[in-house]
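Participant: Have a look at this one before I ask anything.
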Number of protein chains: 2
Amino acid sequence: MKARVTVMPKQTVLDPQGVAVRDAIHHLGLPAASEVRVGKFMEIDIDDAAAGDRAALEGRLHALCRDLLSNPVIEDYHLELDAR
Amino acid sequence: MKARVTVMPKQTVLDPQGVAVRDAIHHLGLPAASEVRVGKFMEIDIDDAAAGDRAALEGRLHALCRDLLSNPVIEDYHLELDAR
């Protein structure tokens, strides 16, 4: 099984890395880029045999996203769990 | 329009950040996680009126992904261009 986690700065939080990338994109000749936000993407391979029940696994992954993979004060996460 | 860029370390490249996250996940009680890879995710808002022709825009975005947003020696990127 594969879990994909996207972690992005909240819309209300200033994203200086995104601003820097946007300015660089303008500089490289694409002024149409109005906003850039930069986040993290994580791909977690999960051993199906050891994973057990899917609902329980999903609950655990959400807990991991909150506690380890994102900072809930300034970031939002999105979890996707694939069959493969 | 929205462009979404995912940048991941190539499969053949060692990803020490991913290894650290995998070990932390094991530690937090999910030993079924067999591999973790950590990459970047970027969301680029594009002003439709200023963007011009879609094919040309896509070409420009691919050039930006290669030149600015990823390091082609050790990373692969994936570009998605949305209607909205």
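FYI, it's all coordinate maths here, none of it is from the lab. All of these numbers come straight from a predicted model, not from anything done at the bench. Here the Cβ positions follow ideal geometry from the backbone for every residue, glycine too, while neighbour counts run over all protein chains shown.
Participant: Nothing charged except the Cβ atoms of Lys and Arg (+1) and of Asp and Glu (-1): what's the magnitude of the dipole of the protein assembly as shown about its Cα centre? Round to the nearest 20 debye.
Facilitator: 80 debye
Participant: Here is a follow-up. Please give the calculated 222 nm ellipticity per residue for the protein assembly as shown, where each DSSP H segment of at least 4 residues contributes -39500 (n - 2.57) and the sum is spread over every residue; nearest 500 deg cm²/dmol?
Facilitator: -9000 deg cm²/dmol
Participant: Give me the one-decimal nm value for the distance between modelled label points at residue B:19 and residue B:83, 7 Å along each residue's Cα-to-Cβ direction.
Facilitator: 4.6 nm
Participant: Sorted from largest down, give the three principal axis spans of the alpha carbons of the protein assembly as shown, whole angstrom values.
Facilitator: Projected onto its principal axes, the Cα set of the protein assembly as shown covers 50, 36, 25 Å.
Participant: On to the next question. Just give me a number: lysine pairs in the protein assembly as shown, eight or more positions apart or cross-chain, with C-alpha atoms less than 23 Å apart.
Facilitator: Taking the protein assembly as shown as the scope, the lysine pair count is 11.
Participant: Using the scaling law 2.2 N^0.38 Å as the reference, what is the normalised Cα Rg of the range B:2-82?
Facilitator: Against the empirical 2.2 N^0.38 Å value, I get 1.40 for the range B:2-82.
Participant: Relative to the present Cα-Cα distance, how much length would full extension add between residue A:26 and residue A:11 at 0.36 nm per residue of separation?
Facilitator: 3.3 nm
Participant: Which residue of chain A is nearest the rotation axis onto chain B, counting by its Cβ, and what is the distance in whole Å?
Facilitator: Here the value is A:41, 2.
Participant: Hey, for a label at residue A:34 modelled as a point 7 Å past Cα toward Cβ, could you say which residues of the range B:46-80 have their backbone N under 15 Å away?
Facilitator: In the range B:46-80, the label zone of residue A:34 (backbone N under 15 Å from the point 7 Å along Cα→Cβ) covers B:46-52.
Participant: Provide the packing ranking of B:71-83, A:21-33, i.e. peptides ordered by the mean count of other C-beta atoms within 10 Å per residue, highest first.
Facilitator: Answer by packing, highest mean first, reads A:21-33, B:71-83.
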